[in-house]
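A quick write-up on the structure given underneath.
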Amino acid sequence: MNDFNIQAASMMSGVSVHQIRAWEKRYSALTPKRLGNNFRSYSQENITRLKLLGELTRRGIAISKIANLNTDELEKQYDYLMNNESHHVEEENSVENTDKLELLINFLKVKRFDLVNHEVLKLKTLSAVSKIIIPLMKYIMKDNEAIYNRDAKNLLNVLIDETSRISNNSLSFKGSR
């Protein structure tokens, strides 16, 4: 049996436990099996569906509009969105990434590591890794004082963790389809 509990389904799909429960209750977006103890049990198909729902809602589509679509229709929506997004978003992202990087470097110059940390946790794309996170790491590493600054070291750890998280999320989503 390759089924997973709600915590595992949440980790694998990138959708919070609270969100999964809400989507089940309010929109009947999915119906996991129930075990004898009434715990939810999610199949790999449920997790793929959750990933698609999560990706689509993060891109601005209301859950109420897609909750009742079957998984094939969700995949078509996702593919359509990604194909159309890639044509016009790349140019926008280039400017946005440049602006975001400039802002974050200014925060670093005034030692506002907390603000950098807050903004980095919002990033979700591989483009953000290459255009923002890696240049931030390089900037911090050039600063000789950063080696002795605990906040700078902590921020470097966050940047490394976020690079890993974003990369893994991107690869695991593509690999599951």
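FYI, it's all coordinate maths here, none of it is from the lab. Bear in mind the structure is a predicted one, so any value in this text is a computation, not a measurement. FYI the Cβ positions are ideal-geometry reconstructions off the backbone, even for glycines, and counts take in every protein chain you see.
With charges only on Cβ, +1 for K and R and -1 for D and E, what is the dipole size of segment 32-80 about its Cα centre, in debye, rounded to 20?
280
Report, in listed order, any pair from LYS124/LYS153; LYS51/LYS100; LYS51/LYS111 with a Cα-Cα distance greater than 31 Å.
Distance filter (> 31 Å) returns LYS51/LYS111.
Between the alpha-carbon centers of segment 26-89 and segment 110-171, tell me the distance in whole angstrom.
30
What shape does the chain have by the C-alpha gyration tensor, where a ≥ b ≥ c are the square roots of the eigenvalues, rounded means a/c under 1.5, and otherwise prolate means a/b greater than b/c and oblate the rest? Don't skip to the answer; put the middle values down first.
Values: a/c = 2.82, a/b = 1.80, b/c = 1.57.
Verdict is prolate for the chain.
Output the Cα-based Rg and Dmax of segment 6-69 in Å, rounding Rg to one decimal and Dmax to a whole number.
Cα-based Rg and Dmax for segment 6-69 come out at 11.1, 37 Å.
Going by C-beta contacts inside 10 Å, put ILE20, ILE105, ILE66 in order with the fewest on the left. Let's see the in-between values first.
Values: ILE20 24, ILE105 15, ILE66 18.
Least crowded to most crowded, the residues run ILE105, ILE66, ILE20.
Kindly put LEU101, LEU155 in sequence by how many other C-beta atoms sit within 10 Å of each C-beta, fewest to most.
Result, fewest neighbours first: LEU101, LEU155.
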